[in-house]
Every structure is written in C-alpha cells, then in structure tokens.
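To start, the structure itself, in structure tokens.
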Amino acid sequence: MTDAEIKELCQTCQYEQAFNGIVESYTERLYWHVRRFLCSHEDSNDKMQDIFVKIWKALPEFRGESGLYTWIYRIATNEVLNHLRKKRINATMEIDSISSSMAGIIDEDPYFNGNELQRELHKAIQMLPDKQKIVFCLRYFDEMKYDEISEITGTSVGALKASYHHAYNKIKEHLETIFL
C-alpha cells in the first residue's frame, strides 16, 4: 500500500485499514532503524510493539501535513531516544558506559551476520552521541535528505550537516585505528 493510499484511508477515518497498511509497508524499515540504536533483536522487537501502539493511538490525529514516513520515523525515533534515556537513568550509567555496553551487544548478537568491517562500523555508531547517531543512521542507512531528517528531528539543516560531519569523522577515525 502506498503512502497516498494510507493518507486517504486516514482522511476517511478508516484507521484500522490505514494502520494495517502502515504495518505492512513499514515494519521492516522501522525494525532496522530501531535495531541500529538498540543493537539487540529482542529489544528491537519489544520497542517495535511500543512504536506501533503509539502509531495506532496517534493515527486519528495524523492530518497529512507532513509525509507519512517522516511522521512514522519521528514517532519511532522519539520512542528509541526515550528508551535510551530511561536505560541511562535506570542504570545510573554515564553515556560512555552505555555506549560501550551497546557496542558489546553487537559482539554477542547471534543474529548479526555482517563482516568485521560492518561490525566495527556499528560499534563506532554506538559510540556517537544520540543526535549524531540519529543523523548518521537516517542519512547513511536510510538515505534520507537533510530536509526530511530536519522534519523528523526538528533540527535545522545546517545543524544536521554539522552533526553528520562530526559523526562521519568520529566513525572514520575509529575505523582507521582498527584497520590501519
């Protein structure tokens, strides 16, 4: 189902059909978006359920002023960030220890099927601050344009470009120390 068809279903108050279209069209993309931040298959699946509950509850308020996928990604990104914040607070850890912990999950993940370079790339991404991590993942993996990321994050395009540049340099530096 296309985004236009889903929007039309929302406008005609056919929320159940619209929701089913969203689940069908976005489950895999959202899963990988969430997984890049949470690293764990189990945590990602749990968070996906929370995200779809949020989408279901918010669907009647969706007015179609933004793109459907940016609206969905905004919900998913906010849920992931809230989850990471709560995890930091509950664990009373500093960001570096959380990042190291998340990077360790990548090494232990039985579902990870990438090569060593991909593994190190994902570990380097986990070491980034949340804002840089979001911008890098949306731009690099999801191939979103800066104006789309701006709509999702509420951040100016200039600030996003700077965040991406810093993230890119940190990742490059990490990979160079491993492979050169």
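Some observations on this one:
- Average accessible area per residue (Å²) across the chain - probe 1.4 Å, nucleic acids and ligands excluded: 55
- Each stretch of four or more DSSP H residues adds -39500 (n - 2.57); spread over every residue of the chain, this sum gives -26000 deg cm²/dmol at 222 nm.
- Summed side-chain charge close to residue 65 - residues other than residue 65 whose Cβ falls under 13 Å, Lys, Arg +1, Asp, Glu -1: +1
- Computed in the context of the full set of protein chains, the accessible area of the chain at 1.4 Å probe radius has 50% of its extent on carbon or sulfur.
- Annotation: peptides 66-75, 51-60, ranked by per-residue average of other Cβ atoms within 10 Å with the highest first, follow the order 66-75, 51-60.
- Highest-first arrangement of 153-162, 133-142, where packing means the average Cβ count within 10 Å: 133-142, 153-162
- Spin-label pair residue 58-residue 141: with each label point 7 Å from Cα along the Cα-Cβ axis, the two points sit 1.9 nm from one another.
The values are calculated or read from the model by the stated rules, or taken from the named source; none is laboratory data. Only a predicted model underlies this, so the values are computations on that prediction, with no experimental measurement involved. Every residue, glycine among them, receives a Cβ derived from its backbone with ideal geometry; neighbour counts consider all protein chains shown. With ligands, DNA and RNA removed, areas are computed over all heavy atoms of the protein, side chains included. Shrake-Rupley method; radii C 1.70, N 1.55, O 1.52, S 1.80 Å.
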